[in-house]
Amino acid sequence: MEDIFKVRNYQDAKRGRLIWRLCVICNKDFQVPYINRHTIITCCSYCQDLRIAWTKNRGKYKLCKICDKPIWCQPRKEHKYCSRKCKDSAVSVYSWDRNSAIMETGRKKYYGPNWLIQRKRARERDEQRCRLCSIHENEYGQELSVHHIVPFVYFQSYEDANSLDNLLSLCEPCHRKVHQGENHPSAFCPNKILFKNERHKIWQQQYEKAQKVINLLLNTDLSLKQISDQVGLSYGNVQRMYRGDSWKTLYEKAPRLIRPRKKANHGVKNME
């Protein structure tokens with residue numbers, strides 16, 4: 001029976017010079033032919049089978065939308081929160097308009113267009129060391145997290161929230177300790193939250209435009225093209241509201257059934 005844990009041996013294989021490399025699974029040193037240095041990356045059959053199995057697993061890590069804790073997600077399954085506590089806080093503590101960007105997007109919380117560069121500057125300022133336990137990124141094995149001393153949602157402007165004076169480099173264990181108790185997002189004071197979600201602002205603008213379109217459709221004889229030009233909405237959107245295919249909460253019956261419009265001739269003249 002073949003020993004699946006036996007380390008590969010190419011001493012007598014006559015494939016040219018050998019070089020040392022680390023197994024990507026168990027970090028064991030072993031020798032491989034130089035010409036195969038990019039293809040042979042595991043030290044034994046067991047590690048090779050394990051690597052293939054892990055490669056076929058198409059899951060990925062996502063971050064909890066409340067506390068940023070990593071969550072392993074299988075394909076086609078949506079995991080938004082790491083615990084019941086975070087899920088309950090998302091629903092009960094935050095109102096929709098302040099939290100929809102966190103709740104409804106599949107990505108990490110958006111901290112503004114300057115976040116990535118400010119995050120990098122904070123880590124460089126702290127010399128890639130955790131400000132609490134002093135562990136270095138090389139020893140930690142990954143980039144440090146960057147923590148907002150005053151919570152991001154307590155600012156109206158992302159520039160003020162992301163200023164270097166308000167940022168702190170932390171490893172993940174220390175980051176979790178900082179967010180415990182009164183500093184947990186579920187304990188944030190709703191009265192202090194100033195950040196307004198741009199996504200909700202855009203939705204509110206669209207809602208107001210839709211209301212204007214419905215009022216014009218029901219109370220005037222303007223054509224759909226004239227309404228489109230007056231409100232600043234595309235002709236297709238106005239047409240869908242006229243047919244009753246969108247914004248159905250704004251009316252009981254489709255406007256075309258209440259106040260029908262004549263079909264436009266689009267400039268076509270009768271030829272005699």
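Look through Glu104, Glu127, Glu143, Glu137 and report the one residue that is among the acidic types (Asp, Glu) and at pLDDT below 80.
Glu104
List the number of the failed condition for Thr55; all other conditions in (1) among the polar types (S, T, N, Q); (2) modelled with pLDDT of 70 or more; (3) assigned to a helix (DSSP H, G or I) hold.
Every listed condition holds for Thr55 apart from (2).
Starting from residues that are farther than 30 Å from Ser228 by Cβ and of a type in the set (Gly, Ala, Ser), keep the ones in the range 174-214 and report whichever is modelled with the highest pLDDT.
Gly181
Quick check, is Lys62 crowded, with 17+ Cβ neighbours inside 10 Å, assigned to a strand (DSSP E or B), modelled with pLDDT under 80 and outside the structural domain of Pro173 (by TED's automatic domain parsing)?
Answer is yes for this residue.
Hey, could you check the range 68-87 for residues that are at pLDDT 70 or above and under 19 Å from Pro151 (Cβ atoms) and say which is surrounded by the fewest Cβ atoms within 10 Å (Cβ to Cβ)?
Applying the filter and picking the extreme gives Lys85.
The values are calculated or read from the model by the stated rules, or taken from the named source; none is laboratory data. Everything quoted here is computed from the prediction, not taken from an experiment. Note that each Cβ is placed from the backbone with ideal geometry, even for glycine, and that neighbours are counted across all protein chains shown.
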